[in-house]
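Everything on this sheet refers to the single structure shown next.
The values are calculated or read from the model by the stated rules, or taken from the named source; none is laboratory data. Quantities reported herein were computed from a predicted structural model and do not represent experimental measurements. Here Cβ is always computed from backbone atoms with ideal geometry, including for glycine, and neighbour counts include all displayed protein chains.
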Amino acid sequence: MKKAAVYARVSTADQHLETQLYDLRKLAVQRGFEVVKEHCDRGISGSKSRRPGLDSMMADARRGEFSVVLVAAFDRIARSTKNFLEIVDELIEFVSAREAIDTSGPMGRMFITLVGSIAELERSLITERIRAGMRRARLEGQRLGRAPLKIDHDALVRDRLAGMSLTSAAKKYGVSRASVVRFVREAKRRQMVAAA
């Protein structure tokens with residue numbers, strides 16, 4: 001008898017998990033699965049990739065405590081294709097009641113492959129659109145990236161080299177400590193190049 005985990009999620013606190021759990025327990029009995037644990041998230045959106053019930057289930061999956069996950073529908077476990085594929089990739093078998101998908105069979109595996117291909121296409125199209133938008137912005141003369149910090153770099157470097165602490169210099173000039181270190185390093189590099 002295969003060991004199964006049940007995962008149920010509702011988006012709002014006034015929805016009832018029992019509706020999903022009842023159907024999933026029934027599905028487990030029909031398929032001859034032994035439900036070892038039920039993982040639930042109440043009042044948490046499916047768009048969040050980190051959820052207490054889901055995290056607990058994935059930890060159990062990594063420990064090999066079950067070999068099948070039962071869910072009421074795909075959107076209960078993940079809303080984005082990327083997140084769905086990341087989750088399913090870690091599981092041995094995945095069964096969705098509403099979509100009647102079972103990844104243990106060839107049709108289920110084909111479905112996951114199709115979803116993966118669609119996700120890859122989606123990522124490629126987004127990347128292509130971003131690049132086209134950046135090209136257009138450059139042609140229109142727009143500056144891309146973060147605007148340079150409007151501070152007196154020379155004064156910052158002088159203060160730091162004169163012994164001002166990293167934290168004090170960062171506060172005085174309104175920049176991060178990492179920026180202070182970077183500005184001092186760049187100034188020293190410029191001095192070395194000029195001296196050579």
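Taking segment 71-179 and the helices (runs of 4 or more DSSP H) fully enclosed by it, the elements with 2 or more residues that are among the small types (Gly, Ala, Ser) and in contact with a Phe, Trp or Tyr (Cβ under 9 Å, 6 or more places away or on another chain) are at 106-139. Within segment 27-50, restricting attention to residues that are assigned to a loop (DSSP other than H, G, I, E, B) and modelled with pLDDT of 90 or more, the residue that is farthest from residue 89 (Cα to Cα) is 32. Among the residues making up segment 88-110, those that are buried (at least 17 other Cβ atoms within 10 Å of the Cβ) and either touching a Gly at 6+ places or on another chain (Cβ under 6 Å) or farther than 19 Å from residue 28 by Cβ (or both) are 101, 102. For the structure I just gave you, tell me whether residue 55 is in contact (Cβ under 8 Å) with a residue 40 or more places away in the chain, part of a helix (DSSP H, G or I), more than 17 Å from residue 104 (Cβ to Cβ) and of a type in the set (D, E, K, R). Considered against the rule, which asks whether it is in contact (Cβ under 8 Å) with a residue 40 or more places away in the chain, part of a helix (DSSP H, G or I), more than 17 Å from residue 104 (Cβ to Cβ) and of a type in the set (D, E, K, R), residue 55 comes out as no. For segment 43-59, a tally of residues being more than 14 Å from the chain's Cα centre (by Cα) and crowded, with 17+ Cβ neighbours inside 10 Å returns 4. The number of residues in segment 1-15 being over 25 Å from the mean Cα position of the chain (by Cα) and surrounded by 12 or more Cβ atoms within 10 Å (Cβ to Cβ) comes to 4. From the list 160, 131, the one residue that fits, being outside the structural domain of residue 35 (by TED's automatic domain parsing), surrounded by 13 or more Cβ atoms within 10 Å (Cβ to Cβ) and free of Cβ contacts under 8 Å to residues at least 60 places away in the same chain, is 160. Taking segment 122-151 as the range and being modelled with pLDDT of 90 or more and among the acidic types (Asp, Glu) as the test, the residues that pass are 128, 140. For segment 1-26, the candidate set comprises residues that are hydrophobic (A, V, I, L, M, F, W, C) and in a loop (DSSP other than H, G, I, E, B); within that set, the residue that is nearest to residue 56 (Cα to Cα) is 13. Hey, among the residues in segment 60-87 that are among the polar types (S, T, N, Q) and surrounded by 16 or more Cβ atoms within 10 Å (Cβ to Cβ), which one's modelled with the lowest pLDDT? Selected residue: 81.
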